[in-house]
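Working notes, beginning with the structure itself.
The values are calculated or read from the model by the stated rules, or taken from the named source; none is laboratory data. These figures come from a predicted structure and were not determined experimentally. Side chains are part of the model used for accessible areas, which takes the heavy atoms of the whole protein and leaves out ligands, DNA and RNA. Shrake-Rupley method; radii C 1.70, N 1.55, O 1.52, S 1.80 Å.
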Amino acid sequence: MRPVVSRVFVSAHGNVFMREIAEHLAEARSGIDGEASVVTDELPRAGDDPFDNLVVAPHEFFGLFPAATADVEAAAAHAVGVNTEQSGTPFFERAMHFARRGPVVFDINPSSLASVRRLGLAAVHLPLGYVPSMDHWRGRAEPRGVDLAMLAGRTPRRERFLGGAASQLWEWRTDLRIFSWHRPILGGATSFLAGDEKYDALADTRILLNVHRSEDPYFEWARVIEAAANGCVVVSETSSGIAPFVAGEHFVEAPLEYLAEQAVALAFDERRRARIAAAAHEVLTGTLDQRLLLERALRDARTTASAGSTTVTHSSSRGTVVASSATAAATRILSAAKRALLPSTAAHDAETEALQATASRLKQTYLAQLAHTRSIERTLMIARHGVPDPVSTTTTSAWDAFAPTVSVVVPLFDQGRYLRDAVASVIAAASGAAAQTELIIVDDHSADDSAAVAQAVLDEHPWFPIALLRRAANGGLPVARNTGFTAARAPYVFALDADNLLAPSGLRTLVDRLADAAPEVVAVYGILERFDERGAVGVTSHLAWDVDLLVQGAYIDAMALFRRDRWLELGGYADSTAAYGWEDYDLWLRAAERGWRAELVSQFVGRYREQSGSMRKISDIDMATNFVALRERHPRLPWPS
């Protein structure tokens, strides 16, 4: 019997990349001997030959379909599910719940295919392959605008990789797009490229970094296929199940700790990169033509279903796997036993609540004492100077005649040991930016020698426009920032804490983006490497602006370039106990409440230092109370229930 597929089902409410897989399979089927359509709004019909109906991502299509459970599960028996999920995830388990009702299961990856078979299910490999619509390169020898890109979902492992790779990536033209899984990826988001926009981006990219979501060496076939179709060479973490691709010939493979190094080496060798791109494209359009792969998989599936056996040798010689339902049953029994033996956590929970309550009380006592101390200082200033908040200013000789387009504001309190490095990073970034840059240091009545260090910095750089503003009374970080922003003379202002650093290309990257941004864009920010005394530990400010994500927690740092006039309209940073340590988050929430937004530049622009005794560590105590206060301050935002 000839292979048949007339309809490819996929959820209209699921992730957009599942829709893309469905469209590619329908396109391939149409190239065999007839037409196939993509269906989102109806279930497979009773009486249909299951091989007429492919269901991509059955956990999404059946799980989200608006029908009675009995009807949905009955429909699953009249279709062949195409699993797209890695084993060991809840998505895989849910996919198997529906796919096992059909005569056979397709899986796009050899690794998860073996897991399906271990469940005792008849399963066949359906490799993803090439279709003409994804190829926006067509072999053209044209310059590409991006050197190194990464398009991936957010995981701690990938974030740690990016943090460690920052020092090697910042100087290249990068496009590092990490998206969050807080809701289905429907497309149209700046952090996630889909369809023609994605293929155009890949056709303009030289190298794509591929990092696994976990230690499982699962080869991300969809990502690799789409890159290879567009002449973009994949530099991947060591993977399994890569045939017919060969590492070193069709893509570059390396252990995670050497991945960035190998990518940069390839970026320096365009002849080698172009040779690998051409070889990968040749394999893709030949051996991995989706039309041929689908036709062969359908034949294998019919044979497997007719034989009623779960022992299948795939035609690509990926190996034979014999599934054992007894082993799967034993595994489920063992897991249930382990859960039954887990100790009660009631006592632990009570102890945790008591500790949290104590920490909350200590935090409130600390904040009350801090407010009292600052009140006394303001009273003393009135007695001595007649004003509660006197500020003295010292400038370099280059200050007065300088006309800046960017002001960098550095608040300083007892962090003089870091100041010279921060200033050096500003000067390096200013030399690489087309914009004219001035530096404003605000000493917030430091108790150590920080003010003296700041004065020494001015003495050491008389040729650079620097102003030192000394506050006679300590006002706290938001007041120090507000002092600097108010004194700024440029239309753009960048916030840089004294213990953080700008990348040499950071200012140029941000200024260029903000200059071209829409009027509702109040600020732009870029990816920051998180580091401590041990070295890189991850990244922050790496997710695109999304109000639904913003109300779930702070993920954008204060290190951003603002339009000064919009910052003034927002009222600056809040000097409020309710927002203590979260003043930058509060400012982003105010922008969102007005319908404004910030925009992510998907490149590294700086380094964020993590310290155990930082202000943020204190503010994060009793976060529930913080969120209650923020919800009261910004009631019009879509807070989660």
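A cut-off of 5 Å between modelled amide H atoms, ignoring neighbours fewer than 5 places along the same chain, links Trp172 with no other residue. Ligands, DNA and RNA left out, the 1.4 Å accessible surface of the range 237-289 is 52% carbon and sulfur atoms.
Given in Å, the Rg to one decimal and the Dmax to the nearest whole number for the Cα atoms of the range 107-148 are 17.6, 50. Its DSSP H runs of at least 4 residues, each contributing -39,500 (n - 2.57), put the calculated 222 nm mean residue ellipticity of the chain at -13000 deg cm²/dmol, to the nearest 500. Give me the Debye-computed log₁₀ of I(q)/I(0) at q = 0.17 Å⁻¹ for the range 439-578, equal point scatterers on Cα only, no solvent, two decimals. Values returned for q = 0.17 Å⁻¹ are -1.17.
Working note: Karplus 6.51/-1.76/1.60 with θ = phi - 60° gives the range 50-58 the couplings x, 6, 6, 10, 9, 10, 7, 6, x Hz, where Gly and Pro are set to x. Listed values for the range 74-80 are Karplus-derived 3J(HN,Hα) couplings in whole Hz (6.51 cos²θ - 1.76 cosθ + 1.60, θ = phi - 60°), namely 5, 5, 4, 6, 10, 8, 10, and x replaces Gly and Pro.
When the alpha carbon gyration tensor of the range 411-503 is reduced to an equivalent ellipsoid, its three semi-axes come out at 20, 15, 12 angstrom, largest first. In terms of Cα atoms, the Rg and Dmax of the chain work out to 28.8, 98 Å. For the range 504-549, give the percent of accessible area contributed by carbon and sulfur heavy atoms, probe 1.4 Å, rounded to a whole number. C and S fraction of accessible area: 44 percent.
In the full protein context, the chain carries 42 Å² of accessible surface per residue, based on a 1.4 Å probe and ignoring ligands, DNA and RNA. Carbon-plus-sulfur accessible fraction, the range 50-144 (probe radius 1.4 Å, protein heavy atoms only): 56%. Quick one: work out the % antiparallel among DSSP beta bridges in the chain, nearest 5. Expressed as a percentage, antiparallel bridges in the chain total about 25. Here's how it looks for Val442: its modeled amide H is under 5 Å from those of Val410, Leu412, Leu469, which are all 5 or more places away or on a different chain.
Computed from Cα atoms, the angle from the helix 623-633 axis to the main principal axis of the chain rounds to 80 degrees. Within the range 359-518, DSSP assigns beta bridges of which about 25% are antiparallel (rounded to the nearest 5). Counting only alpha carbon atoms, the long axis of helix 90-99 and the longest principal axis of the chain meet at about 20°. Bridges between two residues of the range 519-641, per DSSP, are antiparallel at a rate of about 40%. Classification of the range 470-537 by its C-alpha gyration tensor yields an oblate form. The axis ratio a/c (a ≥ b ≥ c) is 1.5 or more, and b/c is at least a/b. Compared with the rule-of-thumb size 2.2 N^0.38 Å for a compact globular protein, the range 351-476 has a Cα radius of gyration ratio of 1.35.
The C-alpha radius of gyration of the range 555-612, expressed as a fraction of 2.2 N^0.38 Å, stands at 1.21.
Between the helical axis of 290-307 and the longest alpha-carbon principal axis of the chain there is an angle of about 60 degrees. Annotation: amide H-H contacts under 5 Å for Asn83 (H modelled 1.01 Å from N, sequence separation of 5 or more, or interchain): Phe106, Asp107, Ile108.
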